[in-house]
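Enquirer: Shown below is the structure under consideration.
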Amino acid sequence: MLFLLLGIFFSIKAQDPMQLIDYVQQGNLSHVKNLVNSSNVNTLNAQQENLLLIATRNNNLPMAKLLIEKGANPNQQDRINDNAFLYTGVSGNAAMAKLFIENGARFDLYNRYNGTALIPAAERGHVELVRLLSATPNFPINHVNRLGWTALMEAVVLGDGSKRYVEIVQILLNAGADKTIADSNGVSALQHAEKKGFKKIADLLR
């Protein structure tokens with residue numbers, strides 16, 4: 001009788017999308033495991049974020065793996081055009097990005113700035129993620145966002161010239177980043193680096 005009641009309880013809960021969203025938000029892996037399936041794995045919250053994006057925002061790799069196993073879509077975009085894969089550019093979680101790439105992440109979907117995951121990764125100094133994306137076949141390393149900046153440009157303009165940004169610039173150049181692509185005002189990455197006094201980065205760009 002107890003097992004029957006538990007079965008009915010979880011069946012009711014499984015039909016409540018808000019409950020599933022709450023469990024993902026809380027990081028309650030065991031409850032999500034009991035409730036999630038192929039028909040509800042892409043449930044959306046009020047911001048049009050699917051469960052996988054919620055898990056990604058919370059940096060919860062085990063939850064993301066579970067949701068991917070159940071068929072979660074890493075490309076489903078929310079109201080501001082984020083999706084799970086694009087958000088890794090902000091969080092810098094290279095393990096999550098690799099998981100999503102291995103499970104169908106698209107490179108032709110862009111965030112609200114019309115940017116790729118690589119651009120915020122370079123801006124924020126996420127070295128390992130920049131390394132991963134730069135080495136990923138067919139990744140658009142020279143994509144220009146709405147601000148007129150490539151990943152290389154953002155690493156220079158919005159970086160602080162520290163060791164990790166020097167490393168990012170080197171990784172991008174080694175991967176084929178085009179240092180001649182200027183910003184929307186015609187200013188090159190080298191000119192920005194010189195103006196900001198980033199000597200090591202400027203040397204790489206010459």
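The values are calculated or read from the model by the stated rules, or taken from the named source; none is laboratory data. This one's a predicted model, so the numbers in the text were calculated from it and none came from an experiment. Heads up, the Cβs are rebuilt from the backbone with ideal geometry, glycines too, and the neighbour counts pull from every protein chain shown.
Enquirer: If you take the residues in segment 95-147 that are among the acidic types (D, E) and surrounded by fewer than 19 Cβ atoms within 10 Å (Cβ to Cβ), which one is nearest to I181 (Cα to Cα)? Give the steps one after another, and end with the answer.
Expert: First, pick out the residues of segment 95-147 that are among the acidic types (D, E): 102, 108, 123, 128.
Retained after the next criterion (residues that are surrounded by fewer than 19 Cβ atoms within 10 Å (Cβ to Cβ)): 102, 108, 128.
Working: E102: 30, D108: 20, E128: 24 Å.
Among those residues, the one meeting the criterion is D108.
Enquirer: Of the conditions (1) touching a helix residue (DSSP H, G or I) at 6+ places or on another chain (Cβ under 6 Å); (2) assigned to a helix (DSSP H, G or I), K65 satisfies every one except a single condition; which number is it?
Expert: Just one mismatch for K65, condition (1).
Enquirer: Output the residue which, of all residues in segment 11-62 that are touching an Asp or Glu at 6+ places or on another chain (Cβ under 8 Å) and part of a helix (DSSP H, G or I), is farthest from Q77 (Cα to Cα).
Expert: That would be R57.
Enquirer: Restricting to segment 102-126, give me the number of residues that are more than 15 Å from V156 (Cβ to Cβ), assigned to a helix (DSSP H, G or I) and in the same structural domain as S162 (by TED's automatic domain parsing).
Expert: Going residue by residue through segment 102-126, those that are more than 15 Å from V156 (Cβ to Cβ) are 102-117, 126.
Subset that is assigned to a helix (DSSP H, G or I): 102.
Then keep just the ones that are in the same structural domain as S162 (by TED's automatic domain parsing); that gives none.
Total meeting the criteria: 0.
Enquirer: Among the numbered criteria (1) under 25 Å from I80 (Cα atoms); (2) part of a helix (DSSP H, G or I); (3) of a type in the set (A, V, I, L, M), which single criterion is violated by L173?
Expert: (1)
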